[in-house]
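Working notes, beginning with the structure itself.
Rule-based calculations on the coordinates, nothing more; no lab input. None of the values given here were measured: they were computed from a predicted structure. Cβ sites come from the backbone with ideal geometry, for glycine too, and all protein chains shown count toward neighbours.
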Amino acid sequence: MAPASEINEVLAAQRVERVRYAIRDIAVLAEQLARSGNEITFLNIGDPLLFDFRTPPHLIEAVTRAMRDGKNGYAPSLGVEEALEAIRAESERKGIHNIQTVFATYGVSEAVDICLTGLVNPGENVLVPRPDYPLYSAVLGKIDAEANFYDLDEASDWQPDLAQMESRVNTKTRAVVVINPNNPTGAVYSRKTLEAIASLARRHGLVIVTDEIYDKLILDDEPFVSVASLAPDVPVVTLNGLSKAYLVPGWRVGWTAVSGPAAATRNYVEALHKLVRARLSANHALQYAVRPALTGPQDHLTAVREKLRRRRAVLMEWCASEPGVRCVEPCGAFYAFPRIEISGGDEDFARALLMEKHVLIVHGSGFGWSQDDPHFRVVFLPGEETLRHAFHSISDFLHGAGELHR
């Protein structure tokens, strides 16, 4: 064995320095506090099963049956045929035609990784919304590509700033990412906005990568519009999965549907299939939940949306009553992105709030937003009384010891 003085330190790859995931990074401190006996109110992570939401029984039965039937080996690389058929039919019900491939993934996270890896070369860039969901910039950093940020406009209910998006396109731009309904703002994009994004992609020869994991969690009466349904002539990568609407985030069942002209997408689809084969397969037995989820009873969704509407109302009542906070009402998913009047850094604020009041939020700069315009993301999944207690604690912090941060 070599003497300690001769041991060379193993250095991490420099690309890892560009990877951030504030949603879970700040949770490390919360876990330390919880181990010390403190009760933490978690408003940081979008896992419905941490609260009073439960997986529909018919999905559990479908997976259990599949396991008992021996569906425990490798699945076909693209996915189980009955799941793929259900995904394709669901896509067509949303008005998505000209579908060139569908494949199952280990959650939407793997879909993002595969679809960007198969498209973007080192030094090229992808238009990514800001505030961002940090997975996209993390994957682009991993493949030595650039996140080319365009802003969402708070004054326009967090719709994309289309003029800025246009101005950010350059010769190395390959795609535009759309997260709709949006995480972290809760915005749902209008048909007019989506048509403008499709037009931009058409003019500049860009691929649209649209993350629609919250498409069934629309909290108002407006119908959801998938951008691929508006642009059959544009290559569109539509990402979705069971995690949120079907209350199984830990199952990691996601999928990708690539639509657009066959001639334009053929080379890209072949590359995606190559990457999918290289990782062998997604979860096998769990894919047998896809068809019963998409074609079976949807009753739980009515109850989920009603809970979320009531909890959103608690959030908006607090924001209206607290002078130091203002918030655009979220229209989908279960997130909001309020602005908060503080004088120091938003990450310091979030940490101090956690240490003193044991309420865990995620600072806005963790989503790429400027600390000069402090915001935070809040998850309104907990019950109404839990939310009221948490918001009262934040107000106490703002008006008490938190005065140091105002």
- Note on the structure: To the nearest 10 degrees, the tilt of helix 81-93 (Cα long axis) against the first principal axis of the alpha carbons of the chain is 70
- Place +1 on the Cβ of every Lys and Arg and -1 on the Cβ of every Asp and Glu in the chain, take the dipole about the Cα centre, and give the residue among I45, G254, L152 whose Cα lies farthest towards its positive end. G254
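Give me the number: length gained by fully extending R18 to T302, i.e. 0.36 nm times residue separation minus the C-alpha to C-alpha distance, one decimal in nm.
Length difference between fully extended and current span is 98.2 nm.
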- Mind jotting down the three principal axis lengths of the chain based on Cα atoms? Whole angstrom, largest first. 62, 59, 57
- Task: Please list, or write none, the lysines whose alpha carbon is within less than 20 Å of the alpha carbon of K357, excluding same-chain residues fewer than 8 places away.
- Result: none
- Under the classification rounded if a/c is under 1.5, otherwise prolate if a/b is larger than b/c and oblate if not, where does segment 57-295 fall, given a ≥ b ≥ c as square roots of the Cα gyration tensor eigenvalues? prolate
- The cysteines in the chain that find no other cysteine Cβ closer than 4.7 Å to their own Cβ are C115, C331
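Number of Lys-Lys pairs in segment 57-295 under 23 Å by Cα, sequence gap 8 or more or different chains? Write out the running numbers ahead of the final one.
Details: K94/K192; K94/K216; K94/K244; K142/K172; K142/K274; K192/K216; K216/K244.
Count of close lysine pairs: 7.
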- For segment 19-91, what does the equivalent ellipsoid look like in terms of its semi-axes, each the square root of 5 times an eigenvalue of the Cα gyration tensor, given largest first in whole Å? 36, 17, 14
- Task: Sort 29-37, 8-16 for me by packing, meaning the mean count of neighbouring Cβ atoms within 10 Å per residue, highest on top.
- Result: 29-37, 8-16
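For the chain, what is the percent of antiparallel DSSP beta bridges, rounded to the nearest 5?
Numbers: 23 of 43 bridges.
In the chain, DSSP labels about 55 percent of beta bridges as antiparallel.
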